[in-house]
Amino acid sequence: MSENVSLSRVALKKITPDVSSAMGSLHAAAASAAQDAKVEPELLELIRIRASQINGCAFCIDMHTKDARAAGETEQRLYALNAWRETPFFTERERAALALAEAVTLVHDGRVPDAVYAEAADVFDETQIAALIWAATVINAYNRIAIATRMVPGNYQPAKK
């Protein structure tokens, strides 16, 4: 449930620039690990969007759907992502990554089940699984930052290629 109280929130980058910079470095390191492991950037965007949907982070949903569309993702798959299990639009690899990202996001709901991890291990090697876990962890942290500080969606524009 959303509150309509207009309370000014802390500007983390301004108040704690070193911590904000460290978070940016963590994001960059996780993205680099994914690239080195040959995890597709498009798959990372799906993970970021799905975790953001679960967490209810409007800012991150806005950002990452725009990035995904800019990278060529289809509207149909983006619209169906919230119900990916019920659609034929996602590959086995994408389904395994989405299940793992959901389990990491909902870790309080039963940890990361062995079956989910095994499904990921069937289609990803260890370096790729590590990269997926880091990607899910970083977006979950960013979701919490955006929600806690009430970052406003709508103004983000993807980088031009």
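The values are calculated or read from the model by the stated rules, or taken from the named source; none is laboratory data. If you're wondering where the values come from, they're calculated on a predicted model, not measured in any experiment. Cβ: placed from backbone, ideal geometry, glycine included. Neighbour counts: every protein chain shown. To get the accessible areas, we keep the full protein, side chains included, count just its heavy atoms, and leave off ligands, DNA and RNA. Shrake-Rupley method; radii C 1.70, N 1.55, O 1.52, S 1.80 Å.
Calculate, for the chain, the solvent-accessible area per residue in square angstrom, rolling a 1.4 angstrom probe over the heavy atoms of the protein chains.
60
Around G24, under 13 Å between beta carbons, what's the net of Lys plus Arg minus Asp minus Glu among the other residues?
My count for the surroundings of G24 gives 0.
Within 10 Å, count the other beta carbons around each residue, average over each peptide in 43-52, 70-79, 95-104, and list them highest first.
43-52, 95-104, 70-79
Percent relative contact order of the chain, based on C-alpha pairs within less than 8 angstrom and at least six residues apart?
34
Once you list every other residue whose beta carbon is under 11 Å from the beta carbon of K66, what net charge do they have if Lys and Arg are +1 and Asp and Glu are -1?
Once all neighbours under 11 Å are counted, the net charge is -3.
Rounded to the nearest percent, how much of the accessible area of the chain (1.4 Å probe, protein heavy atoms only) is carbon and sulfur?
57
How far apart, in nm, are two points set 7 Å out from the Cα along the Cα-to-Cβ line at Y79 and at Q35?
Between Y79 and Q35, the label points sit 3.4 nm apart.
How much length, in nm to one decimal, is gained on full extension between D125 and A28, taken as 0.36 nm per residue of separation minus their Cα-Cα distance?
Length difference between fully extended and current span is 32.8 nm.
Enumerate the residues in the range 127-142 having an amide nitrogen under 13 Å from the point lying 7 Å beyond the Cα of I54 toward its Cβ.
Counting only backbone N, you get 133-141.
Estimate the FRET efficiency between T16 and A71 by the formula 1/(1 + (r/R0)^6), using the beta-carbon distance for r and 41 Å for R0, to the nearest 0.05.
According to the calculation, E is roughly 0.85.
Going by the alpha-carbon gyration tensor, a ≥ b ≥ c the square roots of its eigenvalues, is the range 50-121 rounded (a/c under 1.5) or, if a/c is not under 1.5, prolate (a/b greater than b/c) versus oblate?
The shape class here is oblate.
Given the peptides 32-39, 125-132, arrange them by the average over their residues of other C-beta atoms within 10 Å, most packed first.
Answer by packing, highest mean first, reads 125-132, 32-39.
Take the alpha-carbon centre of the range 85-137, take the same for the range 33-48, and report the distance between them in whole Å.
Going from one Cα centre to the other spans 12 Å.
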